[in-house]
Structures are given as C-alpha cells and as structure tokens.
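J.: Have a look at this one before I ask anything.
What follows draws every value from the coordinates through simple rules; no lab data is involved. This structure is a prediction, so every number in the text was calculated from the model and none was measured. Glycine gets a Cβ as well: all are built from the backbone with ideal geometry, and neighbour counts include every protein chain shown.
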Amino acid sequence: MYKNNTLNYFEKNGFMKINLDKKYLKDYVSFKKTIKKSFAKNFKNNSFEKFHLDVTFDKINDIRMKVIEKINKDKKIKQNIYLSAKKILNQMVGPDIIVQKNINLAIQMPKDQSRALFHKDTPLSSKHEAVIWVPLVDCKQSMCMTMIPKKYHDEADSLLKKTNEKIYEKFAKKYGITIPVKFGQALIFNTNNFHYIPVNQTKNTRWSLNLRFKNLFTPYGERNLLDYYQIINTSPISRLLNS
Amino acid sequence: MKSKKDTFFLNTELFCYPDTLLNKFIPQAWQLFIMKSFISEYKKKISFYTGESHKTYKKMTLLKNKLNEKPKLHGFVFFSFLQFCYNKENNLEIMEECLNKNYSIYLAREKIVIRNMSEFKKKKLDFFYFTKTNKALIKSILENFKY
C-alpha cells in the first residue's frame, strides 16, 4: 500500500497530496494578507475561515470574481505555486512545462449549495494535465474534494448520463477518497480523474486556488498554448532549438 | 521627438486585421466585434481594418505594405496569433518589425498585448512552440482555405 504523498500512489489512483516547499510559504502568507487588505470591507474583522460571517450567498460570487481579477494581476503567484511544487511537477509532467494563464479561486462557504457537480475535466482539458489544488485554509471533512480513484472511472463514466445529483453523492461516498489538506499542502490530480465537491457542512469557509500544468509537447484538449497556457519552464534542449 | 512612452497614451488607434482564413468559422463581423471588445479594455479603438487576401496571407504582404507606409497608429490588433503561422515558417520577424517601428501588437483570441521588444522576448518561446505544437490545426485551417 503506497502512502498518499508518493508518485506511486498517484500512478495508481490519479491524485496525491504534497507538502509545498516551505521556502515559499511566506509568499502564500503574504498573498493572503494582500487579499485581506484589498477586500477588507468584505472580511471586516473575520479570518479567511470565518469569512462567511459577514457575507451573504448572493454576494459571494461577485466577491469571488473580484478576487480572481485581483490575484490574476499579480504575475508572481503562478510562479510561486509552480516553485513550491516544482520538485513533484517536474517529475510528473516536466521539465518542459506550460501553466494555465489564469488562476482559479474557489470560495465555498458553509452550506452553500452552489458548486461544481460531479465531473472530470477531460476531454475539454487534455488527459495529460495535472491540476494543483492549493487550499488557503486547513481543509478537512466536507471542506475537501472527494477524489475517485482510477479503478472506478469506468463506473463513474456510466453515471454521467444520470441527472440525479443524489446518485453522484452516493457514488462519491461509496468509492471516493477524501484527503485532509492543510494550508501549506496541496492536492495534485489528473484532469481525467472524477471528483466530487460536497456541500461544505463545516463551520469554516474553504478558500482554495487551482491551477493546471502540462507538458508542452503532450497532446492538447480544447485549450491551447497562448490562449489558455503559457510556458513556465523549459529544458535546455527546448531553449536551444529556439535560439 | 516623442518617445514610445509619450505616444502610448496619446494615440489610441489600432489598425485591425481579422483572420481571413477563419471567416468560415467566425464571420468577419464577429471577429471585429471580439477585437473591438478586447482593445476597449485598453481604451483603444480601431482606425481601419483590412484582411489579407488569398494571395497575401502566407507572407502577410498587406501588413508589410502597411508598415512601409509608416502609419500614425498606436499599433495593430490581430484576431489571432494563428495569422502569423500560415507561412512555412512562422512570421515572427514581421511581429518584430512592428515592434521595432514602435507599434504595439494586440492578439484578441489569445488576450495578449505586446508593447515592445522586451515583452516580445518574454513571449517568443511561447510563440515559437505554439507553431511547433499546432501543426495539425494550422494544416487543417490551410486546407479549408484552398482557392
């Protein structure tokens, strides 16, 4: 049995937990401070975890969009995410790596029903992509995503024609794996992996970033270099060919 | 003489280049709409538009001619970087020529703005490998545009 933070576990299941490089944790902390400062009127005196105390469900998406706009103006964040997971990403997809141009942010307040349904990101995304999911708060229980191990994918595929969300929930509860991920850690999963996002039944708001990486030379889905991705790391030979 | 920095905010007009080869999929009117919408985020507007013809699209001859006229413009807006990829080798040198002549380049489909050579150098590898990794796409566009 492999541990859930090893590449062997990833190869078997399609996902794994990693510890982000501690050298870059201060950048995540300062990033959180910047968000809090920029959106002080929404945070009031609340922490990220207690963000929901002064925000209503009808306001949250508007706030989320504004935070996304703000964080995507900062070019360093993508670089920091990459550098803090570089060791694993370079082994997993690299070294010629492209990254999604825009970072996504999810804010899931307790009891908020609006969330992505049971799905996998392919075929819109390439099967060769790795998604890094970086929580900005400690996540446990229903704050976490439920990942479906690779061996259940055929069965999951057959569920996609169904329209009853309860079926997905039942399936995810039966076969899914929920890995607690703390701030300073991340979950990496393959885009071909089914995942399920439960309603957050905890008393804390979940804040998480997600960003996609793939090898420059692997097949593409419907998203392409320049419009969706940009190069973030190259091998000496790839640089040589362009010089 | 005014520097690029001085003229950047003064001249807001861009010459607009829809992608003739994509007209079957995205009609020119929609390409213009997308380009207008994209450049409006930068408070820019279109001065005039023209597309390459079936005889000029490979070498982007109309664009080269326009550059030789030294138009008083902020720059050029293209529907897509694909327009630089229809020659055997990509036409990155034309992009460089635009920048060397102090014109900015806007690529609507990719949401990319290149204002100078320094920004171009940062993106050059992406442009180079876009062409290398999209040969099938480029080939299919070219095959759909046979006259």
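J.: Where does chain B land at 222 nm, in deg cm²/dmol rounded to the nearest 500, when only DSSP H runs of n ≥ 4 count, each adding -39500 (n - 2.57), divided by all residues?
T.: Result for chain B: -13000 deg cm²/dmol, rounded to the nearest 500.
J.: Where both partners of a DSSP beta bridge lie in chain B, what percent of those bridges are antiparallel, to the nearest 5?
T.: Close to 20 percent.
J.: Which of the aspartates and glutamates could a cross-linker span from A:K162 if the Cα-Cα distance has to be under 17 Å and same-chain partners fewer than 8 positions apart are dropped?
T.: Leaving aside aspartates and glutamates fewer than 8 places away in the same chain, those within reach of A:K162 are A:D154.
J.: Please go through the residue pairs A:K127/B:K88; A:K33/A:K111; A:K36/A:K173; A:K73/B:K132; A:K3/A:K78 and name each one whose alpha carbons sit more than 32 Å apart in this structure.
T.: In this structure, A:K36/A:K173 exceed 32 Å between Cα atoms.
J.: Across the range A:18-58, what fraction of all alpha-carbon pairs, as a whole percent, falls in each successive 5 Å bin from zero upward?
T.: Reading the bins upward from 0: 5, 21, 23, 18, 14, 10, 7, 1.
J.: Can you sort B:L67, A:L53, A:L89 by how many other beta carbons sit within 10 Å, fewest first?
T.: Result, fewest neighbours first: A:L53, B:L67, A:L89.
J.: Once you sort the root eigenvalues of the Cα gyration tensor of the protein assembly as shown as a ≥ b ≥ c, which label holds: rounded (a/c under 1.5), prolate (a/b larger than b/c) or oblate (the other case)?
T.: It is prolate, given that a/c is not under 1.5 and a/b is the larger ratio.
J.: Provide B:R109, A:R64 in ascending order of the number of other Cβ atoms located within 10 Å of each residue's Cβ, fewest first.
T.: Least crowded to most crowded, the residues run A:R64, B:R109.
J.: Helix-derived [θ] at 222 nm for chain A: sum -39500 (n - 2.57) over DSSP H runs of at least 4, divide by residue count, nearest 500?
T.: The helix-only estimate for chain A comes to -9500 deg cm²/dmol at 222 nm.
J.: Taking only complete DSSP H runs, can you tell me which helices of chain A stretch 18 Å or more along their own long axis by Cα positions and average at least -0.5 on the Kyte-Doolittle scale?
T.: Helices passing the filter in chain A: A:57-71.
J.: For peptide A:96-102, what's the mean number of Cβ atoms from other chains within 10 Å of each residue's Cβ?
T.: 1
J.: Sequence gap at least 6, Cα distance under 8 Å: using those rules, report the relative contact order of the range B:4-143 to the nearest whole percent.
T.: Relative contact order of the range B:4-143: 25 percent.
J.: Just to be sure I understand: of the beta bridges DSSP finds with both ends in the protein assembly as shown, what percent are antiparallel, rounded to 5?
T.: Of all bridge pairs located within the protein assembly as shown, approximately 75 percent are antiparallel.
J.: May I pose another question? Could you compute the FRET efficiency for A:S38 and A:E222, with r as their C-beta to C-beta distance and R0 at 30 Å, rounded to 0.05?
T.: My answer for the efficiency is 0.35.
J.: Same structure, new question: Under 8 Å for C-alpha pairs, at least 6 residues apart: give me the relative contact order for the range A:7-242, rounded to a whole percent.
T.: Over the range A:7-242, the number comes to 35 percent.
J.: Say a paramagnetic label sat at a point 7 Å from the Cα of B:K88, along Cα to Cβ; which residues of the range B:103-147 have their backbone N under 17 Å from it?
T.: B:132, B:139
J.: Calculate, for B:H54 and B:A136, the FRET efficiency according to 1/(1 + (r/R0)^6) with r their C-beta to C-beta distance and R0 25 Å; round to the nearest 0.05.
T.: 0.70
J.: Moving on. Just to verify a number: FRET efficiency for A:N19 and B:S37, C-beta to C-beta distance, R0 = 51 Å, to 0.05?
T.: E(calc), rounded to 0.05, equals 0.75.
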